[in-house]
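What follows is a short report on a single structure.
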4 protein chains.
Amino acid sequence: MIRAVVWGENVHEQTNQTVRDTYPDGMHACIAEALNAARDIEATTATLQDPEHGLSQARLDETDVLLWWGHAAHGDVSDEVVARVADAVWGGMGLILLHSAHFAKIFKTLMGTPCNLTWREAGERERLWVTARGHPIAKGLPDHFELENEEMYGEPFAVPEPLETVFISWFQGGEVFRSGLTYRRGAGNVFYFRPGHETYPTYYDENVRKVLVNGVRWAQPDAPRLKEVHEAPNRTVDTALEPIEERGPKLHADGEKGFR
Amino acid sequence: MIRAVVWGENVHEQTNQTVRDTYPDGMHACIAEALNAARDIEATTATLQDPEHGLSQARLDETDVLLWWGHAAHGDVSDEVVARVADAVWGGMGLILLHSAHFAKIFKTLMGTPCNLTWREAGERERLWVTARGHPIAKGLPDHFELENEEMYGEPFAVPEPLETVFISWFQGGEVFRSGLTYRRGAGNVFYFRPGHETYPTYYDENVRKVLVNGVRWAQPDAPRLKEVHEAPNRTVDTALEPIEERGPKLHADGEKGFR
Amino acid sequence: MIRAVVWGENVHEQTNQTVRDTYPDGMHACIAEALNAARDIEATTATLQDPEHGLSQARLDETDVLLWWGHAAHGDVSDEVVARVADAVWGGMGLILLHSAHFAKIFKTLMGTPCNLTWREAGERERLWVTARGHPIAKGLPDHFELENEEMYGEPFAVPEPLETVFISWFQGGEVFRSGLTYRRGAGNVFYFRPGHETYPTYYDENVRKVLVNGVRWAQPDAPRLKEVHEAPNRTVDTALEPIEERGPKLHADGEKGFR
Amino acid sequence: MIRAVVWGENVHEQTNQTVRDTYPDGMHACIAEALNAARDIEATTATLQDPEHGLSQARLDETDVLLWWGHAAHGDVSDEVVARVADAVWGGMGLILLHSAHFAKIFKTLMGTPCNLTWREAGERERLWVTARGHPIAKGLPDHFELENEEMYGEPFAVPEPLETVFISWFQGGEVFRSGLTYRRGAGNVFYFRPGHETYPTYYDENVRKVLVNGVRWAQPDAPRLKEVHEAPNRTVDTALEPIEERGPKLHADGEKGFR
């Protein structure tokens, strides 16, 4: 059983009638429901408003894959929680960033780039093309699928070159966007997936739901969580794997911790 | 003329007799001298102790490639300067990280990973192997070269998969390390180069100097600095490249700035 | 159940007493036995001497992952079988290349490079370092493991930059080598794994066996085999996804096949 | 001075009135003229009809970057010349593949994949988006540019994941395509650039010409041509870089050539 946590910002569901009508229990609940329909995934939810945003260390320790949707309140996410999530990813937890999470602190932290793009909210047609046939995240999908109403995101998208580009979107207004991108950061798998503007029923779409389920399966860790993700061990001369003699001048005493 | 700035932490040169003897004018001066020997590079220096660490906005605006050596005082580098350097890289400035700069704030910021490794200070032999023949950074180098005394850095090295692995090091004590790694972050080229422990005369080595010169040439920008590296422009319906009509519900008023 | 086929050249097992003593039933049998110890893998064998080298179309159609060991007789493998295996990989079959298979026709075909390297047969110590912690192929392995006697392979190794470098080897004689490399070719996953010289008992090593099992699991396809891997369909104007009108001069009649 | 050779198939220029009218001296002549407008490039041409297709060993030895346009007669290119070009690339010669050269033997050889795609010849609008700001090949280009009439090429495009995706195309009929892709193969830089259907005046477009010039500069070699691109040298025990003793059983006599 893959333990997924769907994190939702849960702001526009409270403040915007369209969003509330579309996702009466919150977008996070809709996404979790999509995941729970898969037999091998057990998804729960967490929101910005929960204590520690619902992401205590204990919770993260029990999470295989975290999905993240945020938009209006990126700045309200505490730096401490972001650092905690980053540590979990580096230790092996999978992370899936959805739509406007391109500007989430955690995504910018893991990418090392501004993650900016161009955008337009016009309910235009988006068509996603599979560019990595055979990739686990594209399993069971046709070569392309459409979302009749979506927000446009356009290139250039300031992210690092991914391991693989899984989807590219075509937009009615003339733009393109790399909509499915995979990365590894430390021991953790990271997947960015573009669709999901809150005023449209995107997370009810069958193809989108397939991508989410596939993404969780792909992102799940293959090993126990690494604990010491920042450790830089001093391998001393006497414990060296091959016999060596110490030579030349030194800064450090034996077994001393390095600078950082 | 490529305008390079060599940033040196300049701490151990002041506090350690071996380092002072090896690099009497500071490591940064030695590196700058190596670069200035190339006809197409004009290198100056900056240090931690300078106002704004020698990296004012005006200075960065006039810098094509920044080289960074730090070790004992990563924590003393101001977050404001780190953010400024990151912006410059995303806008197109080249950045070369040297040796213990693997733990520099700017490197961790750009990589999105902990950048940790294992290490041993025993003056052992390092042999660097070229793994990307034909790469501009390997120009004029033999298939391998040796440094008789170096600090060991060992895998796993917690960095993202690079664009290309240019060098891999063999160490006498039994370890290996990816010693030359290239990345692009935004419009900027980033190169990590491993050798250069301060107690050894590494930066006088002819092959190391070739790598530094090659690295600066490779990392230099090909276009004017991008100014608005965080901008996320709203491409409105009326300015769309293809004629579209607005459909469906909206969050944003026309021309409104997006959330971030 | 993952259906694996272990292809062995099976030449030195017949002609060299050391190899015969080490692998009395052939190297392919030893590798298949290692795989069959995993509950989710069902491995059979095929050899150069079998009709169609044991790789008929029907057999490949029923194969999820093919493992390939060859050395002395690369030239004896029929071009027709190589083309058939390449088609299967492009359609989604996983392929694992072992040791001297770096010079196998199928590997050179899929890489698009000469795949040459340096080598020495001296029974020296090899130490493999994990460079992609958290990668499924490294599951359950320590950060490094040793093979007391192996043939040396040295860089530069003329292969394309991989998706990920999973292992790097240290050799006693002073060389390094990228020993675990992943690729996708078409819909198929490809993994090169270095160890396995026929005069040493490498394929009895527990860590090596773990890598083989992990490799098969990683390389298995996630979708039914693609059939038309060379097809270049003409999407005519009347079947276009968006309404367009034909404009300008043409070479081709409607629905005509393209040149190739 | 960068020595470029533009190879043109030169078939439709002879057989199709539209193509002849658009490119009266041949497409290759038009492309060479565009390159020769740059001060640092000296471009000549070669065609299928020349002896050895104009690509003798002597000519390739004097070529820094080869550009390749072919469509109707891929099958008429001799395998011997293809092998010769591949050797030159692996040795360091740059190679730029244009449009329908996606099905050229040399491209399929270097990619190790079928290189197929979908297509439509309807003179529709293509818009190319820069996805790697700061890349030398995008130098001086706006974030997007248009070609009013082009043939459509659509994803999935069966090529390996590139080093970097420089351009992605939007098509009026609803498709997208990765239109600018970089690779290294051996010591040689390889660039695929999509536009250039022979019935349209694409190679007169100023932005396209900029890409061609940028591409040649990017692809030029940084070192003398490697000669022995298939050599696999035996590094014997007595010439090992570190002192080792021979141990264990052997297949090969000292200094013997390896199998291939």
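Read the figures in this text as sums done on the coordinates, not as results from a lab. Computed from a predicted model, the values in this text were never measured in an experiment. Counting neighbours? That spans all protein chains shown, and the Cβs are built from the backbone with ideal geometry, glycine included.
Measure nothing but the geometry: give the 0 to 90° angle between the long axis through the Cα atoms of D:79-91 and the longest principal axis through the Cα atoms of chain D, rounded to 10°.
The answer is roughly 70 degrees.
Using only Cα atoms, find the angle between the long axis of helix A:27-36 and the longest principal axis of chain A, and express it within 0 to 90 degrees, rounded to the nearest 10.
80
Quick check on chain A: helices-only [θ] at 222 nm, where DSSP H runs of length 4 and up contribute -39,500 (n - 2.57) each and the sum goes over total residues. Nearest 500, please. Before the final figure, lay out each step's value.
On the way: 7 runs with 59 residues, N = 260.
After summing the helix terms and dividing by the residues of chain A, the value is -6000 deg cm²/dmol.
If R₀ is 25 angstrom, what is the calculated FRET efficiency for the pair B:D143 and C:D143, using the beta carbon separation as r and rounding to 0.05?
FRET efficiency, B:D143 to C:D143: 0.35.
Hey, how many Å between the Cα centroid of region C:91-127 and the Cα centroid of region A:152-189?
Between the Cα centre of region C:91-127 and that of region A:152-189, the gap is 32 Å.
Sort A:H252, D:H102, C:H230, C:H135 by Cβ crowding within 10 Å, fewest neighbours at the top.
Listing A:H252, D:H102, C:H230, C:H135 from fewest to most nearby Cβ atoms yields C:H230, A:H252, C:H135, D:H102.
If you place +1 on the Cβ of every Lys and Arg and -1 on the Cβ of every Asp and Glu, how big does the dipole about the Cα centre of the protein assembly as shown come out, in debye to the nearest 20?
Computed about the Cα centre, the dipole is about 0 debye.
Counting other beta carbons within 10 Å of each Cβ, put A:K105, D:K227 in order, fewest first.
Fewest to most other Cβ atoms nearby, the residues stand as D:K227, A:K105.
Viscosity 0.890 mPa s, temperature 25 °C: what is the translational diffusion coefficient of the protein assembly as shown from Stokes-Einstein with a Kirkwood Rh over Cα pairs, rounded to a whole number of µm²/s?
83
Sorted from fewest to most neighbouring beta carbons within 10 Å, what does the list B:S100, B:S169 look like?
Ascending number of Cβ neighbours within 10 Å: B:S100, B:S169.
For D:E33, which inter-copy label distances result when the label point lies 7 Å beyond Cα on the Cα-to-Cβ vector, reported in nm to one decimal and in ascending order?
In ascending order, 5.5, 6.4, 7.2 nm.
Let me know the charge dipole size of region B:2-219 about its Cα centre in debye, to the nearest 20, where only the beta-carbon of Lys, Arg (+1) and Asp, Glu (-1) is charged.
660
Applying 1/(1 + (r/R0)^6) with R0 = 60 Å to the Cβ-Cβ distance of C:A58 and A:D61, what FRET efficiency is obtained, to the nearest 0.05?
The value I calculate is 0.80.
Starting from the Cα of A:T236, step 7 Å along the direction of its Cβ; do the same at D:T236; then give the gap between the two resulting points in nm.
With each label point 7 Å from Cα toward Cβ, the separation is 4.3 nm.
Sorted from shortest, what are the nm distances separating the label point of B:E164 from equivalent points in the other copies, each placed 7 Å from Cα along Cα to C-beta?
Label-point separations across copies, in nm and ascending: 1.1, 2.3, 2.4.
So if I place +1 on the C-beta of Lys and Arg and -1 on the C-beta of Asp and Glu, and nothing else carries charge, what would the dipole magnitude of region B:40-100 be about its Cα centre? I want it in debye, nearest 20.
About 180 debye.
Looking for one value pair here: nearest-to-axis residue in chain B (by Cβ) for the rotation onto A, and the distance in whole angstrom.
That would be B:G112, 2.
Once you treat every alpha carbon in region B:2-219 as an equal point and sum by Debye, what is log10 I(q)/I(0) at q = 0.12, 0.14, 0.16 Å⁻¹?
With one equal scatterer per Cα and no solvent, log10 I(q)/I(0) is -0.56, -0.79, -1.08.
Given a Förster radius of 41 Å and the C-beta distance between D:A223 and A:T15 as r, what FRET efficiency does 1/(1 + (r/R0)^6) yield to the nearest 0.05?
Numbers: r = 61 Å, r/R0 = 1.48.
The pair D:A223/A:T15 has a calculated efficiency of 0.10.
Where the label is 7 Å out from Cα toward Cβ, how close does A:K227 come to the same position in every other copy, in nm, shortest first?
5.3, 5.4, 5.8
With angles folded into 0 to 90 degrees, how steeply does helix C:206-219 sit against the dominant principal axis of chain C? Use alpha carbons for both and round to 10.
Approximately 10 degrees, to the nearest ten.
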